[in-house]
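A short worksheet on the structure shown next.
The values are calculated or read from the model by the stated rules, or taken from the named source; none is laboratory data. Source: prediction; values computed, not measured. Methodologically, a virtual Cβ is constructed for each residue, glycine included, from the backbone with ideal geometry; neighbour enumeration extends over all protein chains shown. Only protein heavy atoms, including side chains, enter the accessible area calculation; ligands, DNA and RNA are left aside. Shrake-Rupley method; radii C 1.70, N 1.55, O 1.52, S 1.80 Å.
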Amino acid sequence: MKISKAAAAAAVAVALSLTATACGGSKKDAAADGGASGSAKDKIVVGIKYDQPGMGLKTPDGKFTGFDVDVATYVAKELGYQPDQIEFKQAVSAERENLISNGDVKFVVATYSINDKRKEKVDFAGPYFLAHQDLLVRADDTSITKAEDLNKKKLCSVTGSTSAQNVKTKLAPEADLLEQGGYSECLTGLENKAVDALTTDNSILAGYAAQEKNKGKFKLVGLNLSNENYGIGLKKGDKELQTKINAALKKMVEDGSWQKAVDKNLGPANFKSEPAPQITEGS
């Protein structure tokens, strides 16, 4: 049976079209689960904060630093990815659940406190860090040693902060609360004596205080006004990934990498972290 040249060419075109469609589909599938589909494992997409010195920070030259970045890099390596295969994606607080649920990231490491409301939408591995709400004051200030000392003083935090409201409503009702758009504005006010204290998680405060430009200017009061267990957020129901991340976190603690990361990123602020918490998620 003879086949015309036109028919043969058409058959080749169809075959090429099907091949291209198949390849395109695999790339789309890979992107849909944080870039980890298939056997190639070209990259993994991880959500982090871009604006928290000491925890998750994107520097002007495009590099990423911080304790959360080190944790994410360690976990990714245990999952089979080298640092150059990691793509960091900004995970602002309000978008973390959406990034996970939509498959834009494989997991999120972004000062992400574990709580029941969030667990309705995502699962967690960990916790890998225990933070507490604390106060940051000027290094030479001896007048604030407890939350109640903020009465009649100016307290700064970011707009909508639950930390500031916690102090204002429960501990120092006569504090003069000033809300700013970001922590940097609060730090400027603290340095210029426009405010007397800044409040949020101690890990975040320590990160700001540890910045080169801030060294020696500020100190943490050392209070435990709340418990914040940071976990690694992942898609709900992905028990296999949860188990693997938990194993990576355990190994990070056991081989000393966890403590080294704490000392490197938060140590310059004389931050004394809690010991690595016991892993409870998924158990």
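Six or more apart or on different chains, Cβ atoms under 7 Å: show the pairs whose first residue is in the stretch 189-201 and under 24 Å from residue 230 (Cα atoms) and charged (D, E, K, R) and whose second is open to solvent by less than 20 Å² (accessible area, probe 1.4 Å) and not in a helix (DSSP H, G or I). Note: pairs meeting the criteria are 201/111; 201/131; 201/133. Within the stretch 201-249, the set of residues being open to solvent by 10 Å² or more (accessible area, probe 1.4 Å) and assigned to a strand (DSSP E or B) comprises 201, 218, 219, 220, 227, 228, 229, 235.
Counting just the residues of the stretch 148-178 that are touching a Gly at 6+ places or on another chain (Cβ under 9 Å) and among the hydrophobic types (A, V, I, L, M, F, W, C), which one comes out farthest from residue 131 (Cα to Cα)?
As a first pass, look at the stretch 148-178 and keep what is touching a Gly at 6+ places or on another chain (Cβ under 9 Å): 154, 156, 158-159, 178.
Filter once more, so that each one left must be among the hydrophobic types (A, V, I, L, M, F, W, C): 156, 158, 178.
Working: 156: 19, 158: 18, 178: 23 Å.
Taking the candidates together, the pick is 178.
So how many residues does the stretch 250-266 have that are out of contact with any helix residue (DSSP H, G or I) (no Cβ under 9 Å at 6 or more places or on another chain) and open to solvent by less than 50 Å² (accessible area, probe 1.4 Å)?
Count: 1.
Screening 71, 122 for residues that are touching an Asp or Glu at 6+ places or on another chain (Cβ under 6 Å) and either small (Gly, Ala, Ser) or closer than 27 Å to residue 283 by Cβ (or both) leaves exactly one candidate, 122. Of all residues in the stretch 161-184, those being open to solvent by 10 Å² or more (accessible area, probe 1.4 Å) and over 21 Å from the mean Cα position of the chain (by Cα) number 13. Has the stretch 175-186 got at least one residue that is in contact with a Cys (Cβ under 8 Å, 6 or more places away or on another chain), assigned to a helix (DSSP H, G or I) and under 18 Å from residue 55 (Cβ atoms)? Yes: the stretch 175-186 contains one or more residues that are in contact with a Cys (Cβ under 8 Å, 6 or more places away or on another chain), assigned to a helix (DSSP H, G or I) and under 18 Å from residue 55 (Cβ atoms). Looking across the stretch 267-283, the residues that are at pLDDT below 95, surrounded by 13 or more Cβ atoms within 10 Å (Cβ to Cβ) and within 23 Å of residue 245 (Cα to Cα) come down to 273, 274, 282.
With respect to residue 133, determine if the residue is in contact (Cβ under 8 Å) with a residue 40 or more places away in the chain and out of contact with any Pro (no Cβ under 6 Å at 6 or more places or on another chain). So residue 133 fits the description; yes.
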